[in-house]
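The values are calculated or read from the model by the stated rules, or taken from the named source; none is laboratory data. What you see is a predicted model; the values in this text were computed from it and never measured. Cβ sites come from the backbone with ideal geometry, for glycine too, and all protein chains shown count toward neighbours. Protein only, heavy atoms only, side chains kept; ligands, DNA and RNA dropped before computing areas. Shrake-Rupley method; radii C 1.70, N 1.55, O 1.52, S 1.80 Å.
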Amino acid sequence: MYPLVRVNKKHLLENVHTVTELCAARNMAVTGVTKVFGGDPEIAAVYVAGGITRLGDSRVENLKLLKGLAAEKWLIRPPMMSEVDDLVTYADASLNSELATIQAINGAAIAKGKVHKVILMVDLGDIREGFIDHDELVGAALETEKMKGVHLYGIGVNLTCFSFIQSDSEKMTALMELSKTIGETIGRELEVVSGGNSATLDLMMKGGISEGVNNLRLGESLLFGKERANYTFLPGTHKDVFTLECEIVELKEKPSVPWGTVGVDSYGNSPAFTDRGTRLKVICALGKQDFDVETSTPVDKDIIILGASSDHLMLDVTDSNKSYKVGDTIELQLGYFSTMRAFTSRYVRKVYV
C-alpha cells in the first residue's frame, strides 16, 4: 500500500558516524534529535548503534517510545506544567527557562525517588526560549542548585529556529562566559554547555566555537547530512535516508493554466500558473497532510512538482524519459519538514531498508 516512506538505515548509520566523528575531533558531544521521525525507536536505534549516547525530542510521548534504548533522554522543548510527572518518568534531562517549572519538576522527582537533570536555556538573540536577563539566569541556577530532586546539568542556547539569527563566535563566547559565571556562583563546573543545533556546525568546523562549549543537539545534519547555516551538505554524508513513494491515480494531458475565475487558497493567497501549453500531468494519492511540497524533490529530475492539495499531488511528467502509467509509483526525496510530516501522518507507511 502507498504512500510509504523508505528509510535507508545503512546511509543513516554512515551519516551518524561521519557527523559524530567530525564533532568528536573538536571535543563536541552529540545529542541526537529524534523529533523529525516522531521518536521512531527503530530509527533512533541507528543513532545509538552509531555511538550516540544522548537522544533528544520535543515530545514526552516520543521519549516514552525510546525507553528501551540505552541512551540518556532529553526533552529539548521547555516542559509543560501538565506533563511534569511523565517528564520525570521518561526523560533524564530537560531544557528549561522557567524557575516555577523547575520547582514543579523537583517536587515530582522527589516523589518518584529520582533526580532529574536540568539545562538552563539562554536567549542570545533568536527570541525563542531562554533567559535574557543574565542576573535572572544566575539566580535561577543558584535556586536550582539548592533543590534535591533536580541536578543543574548545564546551560544551552538555541539559534536559527525562529528569527533565524545565526550562531557566531561572539554568541558562543557569551554562552561560555555565562557558564563560567554560574560555575563560580555554585562552586563547581557545569557538565553540559550546549551550543545549539545543526546550524552551529559550520561555525564549529571553522574553529569559531569557544573551548568549553561541548554539546550540539543535532537532527538535520544526522538525517540529511546538511548543516543549516549555509544549507550545504557535509562531505561523506547521504541525503537520501528518507524516500517517499506515492502512487499515480490519474494521468492525462491537460492545459498548464486553469480557466475560470481564480479564487484564493486556504491562506488567502491567489495561486499563480506558468503557461507551458498542454502537458502530460499525473495526480498521486498524496497530499499536504502527508508531506511538505517545498522540501520534497522528485528522484526523476525531469518531473516538475506543480503543487498539492490536502490529498492530491499534481506533477508534470512531460519531459521525463520514463513512460508512466496509472498504478505506477513516483519517488520523492524528502527534506526536514517533509519527513516530519510524513512520520506524523498515519496514512504513510514506513519501510526500513
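Figures for the structure shown
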| item | result |
| --- | --- |
| Lone qualifier among 1, 81 - being closer than 30 Å to residue 330 by Cα and either of a type in the set (A, V, I, L, M, F, W, C) or open to solvent by 60 Å² or more (accessible area, probe 1.4 Å) (or both) | 1 |
| Condition met for residue 148 (out of contact with any Asp or Glu (no Cβ under 6 Å at 6 or more places or on another chain), of a type in the set (Lys, Arg) and over 16 Å from residue 101 (Cα atoms)) | no |
| Considering residues of segment 317-336 that are more than 26 Å from residue 224 (Cα to Cα) and charged (D, E, K, R) only, the residue surrounded by the fewest Cβ atoms within 10 Å (Cβ to Cβ) | 325 |
| Residue within segment 292-302 that is loosely packed, with under 13 Cβ neighbours inside 10 Å, touching a residue at least 24 places away in the same chain (Cβ under 8 Å) and not in a loop (DSSP other than H, G, I, E, B) present | yes |
| The one condition in (1) under 30 Å from residue 222 (Cβ atoms); (2) modelled with pLDDT of 95 or more that residue 320 fails to fulfil | (1) |
| Hey, residue 160 under 22 Å from the mean Cα position of the chain (by Cα), assigned to a loop (DSSP other than H, G, I, E, B), in contact (Cβ under 8 Å) with a residue 12 or more places away in the chain and farther than 21 Å from residue 105 by Cβ or not | yes |
| Residue list for segment 240-286, restricted to those being of a type in the set (Gly, Ala, Ser) and under 33 Å from the mean Cα position of the chain (by Cα) | 266, 268, 270, 272, 285 |
| Subset tally (residues that are in contact (Cβ under 8 Å) with a residue 12 or more places away in the chain and more than 21 Å from residue 160 (Cα to Cα)) for segment 183-234 | 6 |
| Extreme residue, surrounded by the fewest Cβ atoms within 10 Å (Cβ to Cβ), among residues of segment 113-154 that are touching a Gly at 6+ places or on another chain (Cβ under 9 Å) and part of a strand (DSSP E or B) | 117 |
| Count of residues meeting criterion [of a type outside the set (A, V, I, L, M), surrounded by 14 or more Cβ atoms within 10 Å (Cβ to Cβ) and within 30 Å of residue 220 (Cβ to Cβ)] in segment 239-289 | 11 |
| Residue ID - least open to solvent (accessible area, probe 1.4 Å), chosen from residues in segment 52-76 that are β-branched (Val, Ile, Thr) and closer than 22 Å to residue 214 by Cα | 52 |
| Those residues of segment 276-300 which are polar (S, T, N, Q) and out of contact with any helix residue (DSSP H, G or I) (no Cβ under 6 Å at 6 or more places or on another chain), in sequence order | 278, 289, 297 |
| Test set (1) closer than 21 Å to residue 76 by Cα; (2) assigned to a helix (DSSP H, G or I) - residue 203 fails condition number | (1) |
| In segment 163-190, the residues that are modelled with pLDDT under 95, open to solvent by 40 Å² or more (accessible area, probe 1.4 Å) and touching a Gly at 6+ places or on another chain (Cβ under 8 Å) | 163, 165, 168 |
| Cross-chain or 6+ apart pairs with Cβ under 8 Å, segment 50-63 first and among the basic types (Lys, Arg), then part of a helix (DSSP H, G or I) and surrounded by fewer than 23 Cβ atoms within 10 Å (Cβ to Cβ) | 59/35 |
| Whichever residue in segment 21-51 is aliphatic (A, V, I, L, M), buried (at least 22 other Cβ atoms within 10 Å of the Cβ) and out of contact with any helix residue (DSSP H, G or I) (no Cβ under 6 Å at 6 or more places or on another chain) and, among such residues, is nearest to residue 201 (Cα to Cα) | 33 |
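To keep it simple, each residue is scored yes or no on (1) within 22 Å of the chain's Cα centre (by Cα); (2) over 29 Å from residue 39 (Cβ atoms).
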site: 186; (1), (2): no, yes
site: 191; (1), (2): no, no
site: 197; (1), (2): yes, no
site: 225; (1), (2): yes, no
site: 228; (1), (2): yes, no
site: 238; (1), (2): yes, no
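Yes or no, residue by residue, for (1) in contact with a helix residue (DSSP H, G or I) (Cβ under 8 Å, 6 or more places away or on another chain); (2) within 18 Å of residue 153 (Cα to Cα); (3) small (Gly, Ala, Ser):
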residue: 168; (1), (2), (3): yes, no, no
residue: 176; (1), (2), (3): no, yes, no
residue: 180; (1), (2), (3): no, yes, no
residue: 192; (1), (2), (3): no, yes, no
residue: 198; (1), (2), (3): yes, no, yes
residue: 201; (1), (2), (3): yes, no, no
residue: 204; (1), (2), (3): yes, no, no
residue: 209; (1), (2), (3): yes, no, no
